[in-house]
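Reading through the structure tokens given below for one structure.
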Amino acid sequence: MKVMIAVTHLLGTGHLSRALTLARGFIKAGHTVQVASGGFPAPQLHADGIGLLQLPPLRSDGVDFTRLLAEDGSLAGEAYLARRQTALCQALEDMQPDVLITELYPFGRRSLRKEFLTLLQTAHALPRRPVILSSIRDILAPPSKPEKAEKADAVIAGYYDAVLVHSDPAATRLEASWPVSELLAGKLRYTGYVAPPAAGPHPHQAGSGEVLVSAGGGSVGTPLYQCALDAARLMPGTPWRLLVGGTDAKARIADFSKTGSPALLEPARKDFRQMLSHAAASISMCGYNTALDLLQAGTPSVLIPFDAGNEKEQGLRAASLAPLNGIEVVRTADLTPETLCAAVKAVLRAPPRVAGGFRFDGASRSVEIAAELAGGRG
């Protein structure tokens, strides 16, 4: 089969990371894949062997997802958005895929609805309409108004064959964060979590015995980093390492270095997942990919859910993980160097955590579902 995945990450890089993992699942099964990425490039993510089309990139203005910024930092205008739309639809027409997957839309990315709707309309007009699937994580940002869910239902009914829910239903069902109508329930296909294979140990045991602080691949997490820099002073016998993400990582590290903290500062690393196997503890937010990395590695973990701009997704996910051994949750409102150190010490004392029972085969199961719906095309 030929598969096209359309994804735009606007703040962190989790959406693109999950789309790339999904793409690798299709490639492993012998299918041809193109990922059309509309966010800013994320060179720290592994995209080797994946056909990656970079659209004119967008990012949100902080947590304001209604204000989309262009490559030069200016507000993206109609002409810039039109260039993206044209490139995306042209790629679809050139590829003539058997399967089209839109990541998050129509459950999110409403600021890009015109782009996505044009893509869907173009797909339906192709000589052979592709199977059309929506790809969503375990927990969504709950709709602020009932009509948002109703509009999503209308788009699903008009254009989509199924919705891939990348969750283990034994752990989290979509109802935890989104109103599931009778229409939507009939379209849902639970895949299990979409995660790459467990990373296993680092060849050089990087991160061994350290408190590893991360905030994903985007330019977020500054309050968390600043608090960790101060907390490291309160635990002088334990090494702390901060992995700083974002395109401005070098400048942020330079600013953080002025604090005189004993913590080691580095840009985000591709071997982060392997480092988790050796870390004494992890401090992070609670995005989808980070949560799965921690579950697979079994690392003692302090979670500080991202809640700026009234974001609820990470808080819901953290709450679902809090009962597990070796996991502590600290709200940003309660975050101080003292509370952070107390949480670290608590997870270090906790019994080991075993990840048994969770399904991490969501990529391969997604491939199977797509192939079933495509009816053996390609």
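Miscellaneous remarks
One line per residue, one yes/no per condition, for (1) in contact with a Lys or Arg (Cβ under 6 Å, 6 or more places away or on another chain); (2) of a type outside the set (V, I, T):
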residue	(1), (2)
G49	no, yes
L55	yes, yes
E71	no, yes
G77	no, yes
Q90	no, yes
D98	yes, yes
R109	no, yes
T122	no, no
P127	no, yes
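- In region 174-187, residue nearest to S282 (Cα to Cα) [restricted to those that are surrounded by fewer than 18 Cβ atoms within 10 Å (Cβ to Cβ) and touching a residue at least 12 places away in the same chain (Cβ under 8 Å)]: A176
- Some residue of region 320-332 being at pLDDT 95 or above, under 13 Å from P300 (Cα atoms) and among the acidic types (D, E): yes
- Close pairs (6 angstrom Cβ cut-off, 6 or more residues apart or separate chains): on the phi > 0 side of the Ramachandran plot in region 310-334, crowded, with 21+ Cβ neighbours inside 10 Å and not basic (K, R) anywhere: G326/P300; G326/V347
- Candidates in region 188-209 are the residues that are closer than 27 Å to A308 by Cβ and not small (G, A, S); of these, the one that is farthest from the chain's Cα centre (by Cα) is Y193.
- When P337 is tested against (1) in contact (Cβ under 8 Å) with a residue 60 or more places away in the chain; (2) touching a strand residue (DSSP E or B) at 6+ places or on another chain (Cβ under 9 Å), exactly one condition is not met: (2).
- Count of residues meeting criterion [in contact with a Ser or Thr (Cβ under 7 Å, 6 or more places away or on another chain), β-branched (V, I, T) and either buried (at least 20 other Cβ atoms within 10 Å of the Cβ) or farther than 23 Å from T13 by Cα (or both)] in region 234-268: 0
- Pairing residues of region 190-206 that are among the acidic types (D, E) with residues that are assigned to a loop (DSSP other than H, G, I, E, B), at Cβ distances under 6 Å and at least 6 apart in sequence or on separate chains, gives no pairs at all.
- Positions within region 47-74 being under 28 Å from A371 (Cβ atoms) and touching a helix residue (DSSP H, G or I) at 6+ places or on another chain (Cβ under 7 Å), in sequence order: A47, G49, I50, L53, L55
The values are calculated or read from the model by the stated rules, or taken from the named source; none is laboratory data. In this text the structure is predicted, and so the values were computed from the model without any measurement. Neighbour counts run over all protein chains shown; Cβ positions are idealised from the backbone, glycine included.
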